[in-house]
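Okay, structure first, notes after.
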Amino acid sequence: MKTNHRLCFGDSTTLGTIPSNSVDLIVTSPPYPMIEMWDDIFLKQNGSIGKAIKKQDGNTAFELMHEILDRVWNEMFRILKMGGFACINIGDATRSLKSNFAIYPNHSRILQHLVQSGFTILPEIIWRKQTNAPNKFMGSGMLPAGAYVTLEHEYILIARKGGKREFLTHTEKENRRKSAIFWEERNIFFSDIWFDIKGSRQDLSDKASRSRSGAFPFELAHRLINMYSVKEDIVLDPFLGTGTTMAAAMSSARNSIGCEIDKNFYDPIIKIKDNIIDLSNPYMESRLKKHIQFINERTASGKPIKHKNTPYGFPVITNQEKELIFNELQTIEMMPDLSMQVSYSDSPQALSCLEWNNTGSEEKCSTLQTNKPPQSKSKIKDKQWELF
Ligand SMILES: C[S@@+](CC[C@H](N)C(=O)[O-])C[C@H]1O[C@@H](n2cnc3c(N)ncnc32)[C@H](O)[C@@H]1O
């Protein structure tokens, strides 16, 4: 399997080079209106925003900034396939203008426009980003009534173009099964509050460019891609920044397109090709290890496990996980058109394959031979699943 990753530098309010109904999933995070670090980028796109900010007219500035984003959401609706999802990470902004402290509700303003554009809005995720900063409480402290609630969350808005996506052919159904996530991951990924994603957990690019770009964590993009698309789909990020969505798409065996207005991000994005194999393959190993640990604990507590994953040989909770496989990245190369091409292995990861024999015949983890003696079926419950 091979995937392709295409970069375009330009303004995403017009994504003319991307055909209508051609993209399967959008994962993105725009510049946040009314957060000061993004003022300049909005100002460059509409001079009236600068005048509004100078006059301390927060409501006008807020609206003008969103009018720029609205044009990107319209383009997203055009290029998404029917049944395709859009996941938008956005935080609200707090700001004092004319000595008046207020919240600018970015998430609700975006939702309102998505409805107008024709999207179906689905339940959103609250991404809890707890801060331990000593000055996190604002206002009059312990004295009523002049203190403000601290914002410690962002949103991941989820919208779909049209109704449910259909998987009709045998090949489409098979690919969907191979793209499954684990049952225990589903229980975390599809809960409405994410507590467990902290910050950037990887070094895709240098810290300075990640903080300048307001980069979201690799894990956030990776999760959304695995929740809302299948292998070889096309994932778009119209606000690519340092390229986190592209990296997560490479890691998930999806194709991707990334658009970014600021050419200074070229270097950090291209640096992904030097790091992605070393980041991605251990990341997959760690998901497999976590699954094995989960199975160990469940087995130890005496809970039955009915199903077995075919490529790896380890138990899984549901029938839907039986064909799940993570494709290790093998090579990444720069193509003449400056896109990046990734090739993948179709075999399960050797280190995470389990030896197990519950049928009396020697079993293999895909193409790997096992060395240990066969064990009887009655031992399944006591078995502690091991890595070898
Ligand atoms: C919040 S950052 C995205 C960060 C990205 N998710 C990452 O992990 O690095 C928003 C990005 O959108 C870019 N941007 C702003 N306006 C844009 C526009 N009209 N078209 C394309 N990109 C734009 C900014 O330069 C910035 O890099």
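What follows is calculated from the coordinates using simple rules that are stated; it is not laboratory data. Only a predicted model underlies this, so the values are computations on that prediction, with no experimental measurement involved. Methodologically, a virtual Cβ is constructed for each residue, glycine included, from the backbone with ideal geometry; neighbour enumeration extends over all protein chains shown.
The table below lists the values:
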quantity	calculated
The chain, relative contact order [Cα under 8 Å, separation at least 6], %	18
Long pairs among 51/136; 129/289; 231/271; 2/273; 81/173, criterion Cα-Cα beyond 21 Å	51/136; 129/289; 231/271
GNM flexibility winner over the chain from 49, 26, 234 (Cα, springs under 10 Å)	49
Label-reachable residues, the stretch 298-331, where backbone N falls under 13 Å from a point 7 Å from residue 190's Cα toward its Cβ	318-321
Average projected area [Cα convex hull, the stretch 31-85], square nanometres	4.2
Rounded to whole Å, sorted largest first: equivalent-ellipsoid semi-axes of the chain, Cα gyration tensor	42, 25, 19
Proxy reagent accessibility, fewest Cβ within 10 Å first, across 259, 87, 8	8, 259, 87
Distance in nm between pseudo-label sites at residue 347 and residue 166 (7 Å out along the Cβ direction from Cα)	3.9
